[in-house]
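Engineer: Mind having a look at this structure? Questions to follow.
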Amino acid sequence: MDEERWDLLEKRLAALEARVADGEHPDRRDEFWALRGLRERAQGRSQVLFAGTVTLPGGRRCEWQEGVEVEPMLEADLTGAVAALSALAHPVRLQLVHKVLHGRRTVPELSEGLGTSGQLYHHLRQLVAEGWLATSGRGVYEVPAVRVVPLLTLLAAAGLR
């Protein structure tokens, strides 16, 4: 091997070793790309970020992101989140949301195996009131685009994989 190529190889190896020494594993350079971007934008403030690019089973595409300041959340009265979380904290309502994530659904499509129509409407009203579902036409339900990624984020945070 000629000396010029050897020098080039040594420089590349030194650069690689420096990155590893700085904690940057060469196989995981992009592992925390979102976190690095958030750090730059947050400029020392505490923030959380959730984002997603989603194609739902029916072909509907949703992309969304939100960065949230942590301090106001830590200072907030958490009872303001109870209604939104409670709307999802029921097995039938979670099944309804799951069905609707697969595509717009009518009440008859949603009612299969989920109880009486009175019970169904009770659950649907709660999900609509908290913004997890919306009606798009008479008796047709969908998850609003701005709620798809937050909903999937909550399910992921709850351990659903």
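The values are calculated or read from the model by the stated rules, or taken from the named source; none is laboratory data. Note that this is a predicted model, so its numbers are computed, not measured. Using ideal geometry, Cβ is built from the backbone for each residue, glycine included, and neighbour counts are taken over all protein chains shown. Ligands, DNA and RNA are excluded from the accessible area calculation, which covers all protein heavy atoms including side chains. Shrake-Rupley method; radii C 1.70, N 1.55, O 1.52, S 1.80 Å.
Engineer: Are any residues in the stretch 107-131 closer than 24 Å to Val82 by Cβ and among the β-branched types (Val, Ile, Thr), and if so, which ones?
Structural biologist: Val128
Engineer: So, one more: Is it fair to say Ser117 is at pLDDT below 90 and more than 16 Å from Gln95 (Cα to Cα)?
Structural biologist: It is false that Ser117 is at pLDDT below 90 and more than 16 Å from Gln95 (Cα to Cα).
Engineer: Of the numbered conditions (1) of a type in the set (Gly, Ala, Ser); (2) over 19 Å from Leu155 (Cα atoms); (3) under 21 Å from the mean Cα position of the chain (by Cα), Gly137 fails exactly one; give the number of that condition.
Structural biologist: Checking Gly137 against (1) of a type in the set (Gly, Ala, Ser); (2) over 19 Å from Leu155 (Cα atoms); (3) under 21 Å from the mean Cα position of the chain (by Cα), the one that fails is (3).
Engineer: Considering only the stretch 118-139, state which residues are assigned to a helix (DSSP H, G or I) and open to solvent by less than 30 Å² (accessible area, probe 1.4 Å).
Structural biologist: Residues satisfying the conditions are Leu120, His123, Leu124, Leu127.
Engineer: Of all residues in the stretch 59-71, which are farther than 18 Å from Trp132 by Cα and either open to solvent by 60 Å² or more (accessible area, probe 1.4 Å) or assigned to a loop (DSSP other than H, G, I, E, B) (or both)?
Structural biologist: Gly59, Glu69, Glu71
Engineer: Just one of Gly103, Gly115, Gly159 is assigned to a loop (DSSP other than H, G, I, E, B), open to solvent by less than 60 Å² (accessible area, probe 1.4 Å) and within 22 Å of Phe50 (Cα to Cα); which is it?
Structural biologist: Gly159
Engineer: For the condition surrounded by 16 or more Cβ atoms within 10 Å (Cβ to Cβ), part of a helix (DSSP H, G or I), free of Cβ contacts under 8 Å to residues at least 24 places away in the same chain and under 23 Å from the mean Cα position of the chain (by Cα), what is the one hit in Leu94, Leu74?
Structural biologist: None of the other options fit; the residue is Leu94.
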